[in-house]
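Trainee: Dropping the structure in here first, questions after.
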């Protein structure tokens, strides 16, 4: 009984608090977005994309996303449900599954969604790592949907001031076998520089 109450409290109380803290953090840092022109052109042409970001960079992704509708791949683990409820408050919808649980079903659902005309959001380094090493799942998804892979990242560097920090980003290299300049792995051309960066003066790359 106690465990059920704790789970209910966690999934009911933490999501609004977590979403509020993310928005608050977004207001306390100075953010500059770079490299978004190619992404904006992609949307203006009516195209959609697979947004890929590392697991460790998840926190500020809801504030960095520039599209209108996206489905995020989130694990079926208990913590995944918490993440699902937080990102839902930013208008992001969830597809539940991972490489260790429900992966095949989730992949089929993502393929259907990608072909229907929405953005997909995935973490290509997988829930169990290795950290910041791209797994084949995102490449398979690009091949099946024909969508380009757009790498997105976010990181903060500390500044000597009363501000919480400065947001800065370094580019994620395209996955091997999926070049943004060629029609390989389902990726259309003109995507080589379709990366988003948020930074400020005195950048320090992570």
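Trainee: What number of residues within region 100-137 satisfy the criterion of being in contact with a strand residue (DSSP E or B) (Cβ under 6 Å, 6 or more places away or on another chain), assigned to a helix (DSSP H, G or I) and within 19 Å of residue 42 (Cα to Cα)?
Mentor: 2
Residue-wise test of (1) more than 26 Å from residue 12 (Cα to Cα); (2) in contact with a helix residue (DSSP H, G or I) (Cβ under 8 Å, 6 or more places away or on another chain); (3) touching a residue at least 24 places away in the same chain (Cβ under 8 Å).
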position: 69; (1), (2), (3): no, no, yes
position: 73; (1), (2), (3): no, yes, yes
position: 76; (1), (2), (3): no, no, yes
position: 89; (1), (2), (3): no, yes, yes
position: 97; (1), (2), (3): no, yes, yes
position: 113; (1), (2), (3): yes, no, yes
position: 122; (1), (2), (3): no, yes, yes
position: 125; (1), (2), (3): yes, yes, yes
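Computed from the coordinates by the stated procedures, all read-outs in this text should not be read as laboratory data. Remember, it's a predicted structure, so these values are computed and weren't measured experimentally. Every residue, glycine as well, gets a Cβ built from its backbone with ideal geometry; the counts of neighbours run over all protein chains shown.
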